[in-house]
Structure formats: structure tokens, C-alpha cells
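What follows is a short report on a single structure.
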Amino acid sequence: MSTMPASHGHNEACCNIPPVVSTGYSAKGTYDEVDGLKTYVTGPADATKGIVVIYDIFGYFDQTVQGADILATSHSQKYKVVIPDWFKGEPCPIEWYPPNNPEKQKNLGAFFGKNPPPGVAGKLPDYAKALGAKYPKIKSWGILGFCWGGKVVSLVTSSDANPFSIAAECHPAMVEPEDAKGIKVPLVMLASKEEPDDKVKQFEANLKGAKHVETFKDQIHGWMAARADLSNDRVKDEYTRGYKTVLDFFAKNWS
């Protein structure tokens, strides 16, 4: 484990925990193009609700793609789930983790600088319009973000142009309680043991609508996405429970 300090608002865990490469998962969806972006698409053709997943900085990892497939088909409510490739084929290379030398730290800092969450949050309203045109059966869209993507969720759902009806943040980076004051939709936040507990609690207190905020106290930052070591039974169980918690919240609070 390196000791690179927090960068561009990320916590130290986000900057230092390496991803776990899982193998053998066979994706259920396909890749398409939406609004000029390569997009992973999964879920039944007759779904009437959809979820936009904002991946973490490692992009299309097996664990994240598998999570999208879980969201699509693991509840009585079926969803169309999409993961747009905001990094356009250039996610953060896993070789930069752990960032245990100056070159890796410089590269990682530059990556965060090149891909600031406000930039993606600002593009999401137009992306959602393109989704609506491509998938007219979908009457309502939700959003879920991991790590870096969690900040994107906070920013877009607190904006005046928010196109989403419900939201989820899983092990979010850059937790800012002030963001919660403007969030206008039901939100579930699942934190790891490495998100700042005081900020998570204040974020929860500032949410005005329906909410579920829970800390998975023995899980690392990233346990539901690229850093999920699914060969570990405890991680696998909490990975599964995390997705079930999101789906249950969406089923209860998405009108």
C-alpha cells in the first residue's frame, strides 16, 4: 500500500487501493453507441425504467459490468441498464496502482484533472435525452455512481437540469455534505469503511427526500466495482448485499 495523499478531492483510499482483476465473467449485455459514446447496454427489451451507471476510474471492469447485469435482472422490477464510456477508451491504467512512485502519482493526478466530475455531470442531461430517443419504452431513468462516479451523481442530481428520478452512490469519492442540500430525488448511499464517517453522516442529515445511508464497515472503498475481490466470500456476500440494497431502495422509492 502506498501513501499517496488524497488527490483532487479524492480520499486516500481512492488514491491507493489497487483494483482486483476478476476473470471468467461472461457479460449478458452488448455494446452500442449512444450520443457518440460507446455504451454497455443490458436488461430486457420490455423494461420501462432504466439506470445509468457511472463507473469508477477503471472503466469497464468485469465486476462493474457484472453489477450492471445484476441491476438489470435481479429484482421483480426489471431495468434497462447502461454504462457510458466517458473516458472514451482511456480509463485509468491499473498499472498506476499502487501509485508508489512520483511518476505514477503525477499520472494519476493528471487523470483526475483531465476527468473532473463536473464535466461529466454537465453532459448527463443531454446524454439522458439521447437515451430517451434511443429507448422510447423507458419512461423514467435513475442513476448509480461508483467512487468517482458517486460525485458525478451528487452533482447532477443537485443541478437544475437533473433528468433522473432516483439515485444511488456506492463507495462515493469526494463526499461533500453541501451537495446533499440540493439533491432533489430519493437517494441511497452505501459507504465503505474508508469514506470519512463524519462527512457521510452530515451528507445523510442534509438529504431532504427519501434516503437510505449505510456504511459497510468491513468493506474497502471499491467493493462493489473494480476493487471487488469476488474470490473472497465475505466481499462477495457484501457485494451482493450492496446491489440488493440498491434494488430494494429503488423498488420502494421510484414512483
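A short reminder: the numbers here are calculations on the coordinates, not readings from a lab. This one's a predicted model, so the numbers in the text were calculated from it and none came from an experiment. Positions of Cβ are generated from backbone atoms using ideal geometry, with glycine treated the same way; all protein chains shown enter the neighbour counts.
How about Lys104: which lysines have a C-alpha closer than 18 Å to its C-alpha, ignoring those fewer than 8 places off in the same chain?
Lys114
Lys28 to Ala210: FRET efficiency via 1/(1 + (r/R0)^6), r the Cβ-Cβ distance, R0 35 Å, to the nearest 0.05?
Step by step, r from the Cβ atoms, then E = 0.75.
For a quick check, take a GNM of the chain with Cα springs below 10 Å and name the residue from Gly67, Gly36, Gly145 with the largest mean-square fluctuation.
The residue with the greatest mean-square fluctuation here is Gly36.
Which whole-number percent is the relative contact order of the range 125-185 (Cα, under 8 Å, 6+ apart)?
It rounds to 35 percent for the range 125-185.
For Lys201 and Asn107, FRET efficiency with R0 = 41 Å and r from the beta-carbon atoms, rounded to 0.05?
Between Asn107 and Lys201 the formula returns 0.75.
With a cut-off of 8 Å between alpha carbons and a minimum separation of six or more residues, what is the relative contact order of the range 12-253 in percent?
21
Only sites in a loop by DSSP and with at most 13 other Cβ atoms within 10 Å count here; which trypsin sites (Lys or Arg not before Pro) in the range 166-255 make the cut?
Answer in residue order: Lys208, Lys217.
Within the set Lys184/Lys211; Lys129/Lys151; Lys88/Lys236; Lys80/Lys134, which residue pairs have Cα atoms separated by over 18 Å?
In this structure, Lys129/Lys151; Lys88/Lys236 lie more than 18 Å apart at Cα.
Can you give me the orientation-averaged projected area of the convex hull built on the Cα atoms of the range 12-253, in nm²?
The orientation-averaged projected area of the Cα hull of the range 12-253 comes to 12.0 nm².
Using Cα pairs closer than 8 Å and at least 6 residues apart in sequence, work out the relative contact order for the range 191-230, in percent.
Averaging sequence separation for qualifying contacts and normalising by length gives 55 percent for the range 191-230.
Residues with beta-carbon under 14 Å from that of Lys137, excluding Lys137: net charge, scoring Lys, Arg +1 and Asp, Glu -1?
+4
What's the Cα-based Rg to Rh of the range 105-247, Rh via Kirkwood?
Rg divided by Rh gives 0.98.
Taking the Cα centre of the chain as origin, work out the dipole magnitude from +1 charges on Lys and Arg Cβ and -1 charges on Asp and Glu Cβ, in debye rounded to 20.
With only Lys, Arg, Asp and Glu charged at Cβ, the dipole is about 720 debye.
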